[in-house]
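Data block below; observations after.
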Amino acid sequence: MIIAGIDYSMSCPSLCIFDTELDFTFQNCDFYYLIDKKTKIIEEGNIHGEYYSKDSENVKRFDHISDWAITILKNQKVNHVYLEGYSMGSRGRVFHIAENTGVLKQKIYKAGITFEVIPPSTWKKEVVGKGNADKQYVYESLGIDLKTKFKSKSITSPINDIADSYFICKYGSLTTQSQ
């Protein structure tokens, strides 16, 4: 079974694709992310970054981001998606975030791919051991030096997004194994 863990956002969505026939490791996953900073794009090994220009019209932007994601899910023959749910502490443009995610959910549904929404505290507690883990804690739990790969001194997008999608997918892998 091919599964995906998705850290979905309007600024830097990240997908982690994994074949459950393999051992779950960072190297056995494929990562895809979308970002509006050309300096943050890498295409190296199992990490695939793609540039996009933010559209000022949200409807166009949501459509573009969800088309990008659904194309990857279909091309990778994903059977089931684990999608990060909303954080109860979210602030700012929460309605835009919800609309953006709703467009993706609709396209996943229409593509015939099953999905589950996983609250951030659930996957964090299960796979990194701390339900309220911050970006630093999640990144350190990864054990992979993405900061060097991205020539970054801090944990910013897409580093934290890749780490989140990895652990969401790991949660999905553990869930799939227990069924």
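Being within 26 Å of T176 (Cα to Cα), under 16 Å from the mean Cα position of the chain (by Cα) and modelled with pLDDT under 90 is a description that applies to S87. Among the residues here, S14 does not qualify as over 18 Å from L146 (Cα atoms), of a type in the set (S, T, N, Q) and either loosely packed, with under 12 Cβ neighbours inside 10 Å or touching a residue at least 40 places away in the same chain (Cβ under 8 Å) (or both).
In this structure, does E116 turn out to be in contact with a helix residue (DSSP H, G or I) (Cβ under 6 Å, 6 or more places away or on another chain) and closer than 28 Å to S178 by Cα? Answer is no for this residue.
Taking the criterion of being of a type in the set (D, E) and either touching an Asp or Glu at 6+ places or on another chain (Cβ under 7 Å) or surrounded by 12 or more Cβ atoms within 10 Å (Cβ to Cβ) (or both), the only residue of segment 135-148 that qualifies is E140.
Among the residues making up segment 9-25, a single one is of a type in the set (D, E) and in a strand (DSSP E or B): D19.
Among the residues making up segment 21-60, those that are among the hydroxyl-bearing types (S, T, Y) and crowded, with 17+ Cβ neighbours inside 10 Å are Y32, Y33.
For the residues I65, I6, the requirement of being buried (at least 19 other Cβ atoms within 10 Å of the Cβ), within 14 Å of the chain's Cα centre (by Cα), part of a helix (DSSP H, G or I) and not basic (K, R) singles out I65.
The values are calculated or read from the model by the stated rules, or taken from the named source; none is laboratory data. Computed from a predicted structure; not experimentally measured. With ideal geometry, Cβ positions are generated from the backbone for all residues, glycine too; neighbour counts draw on all protein chains shown.
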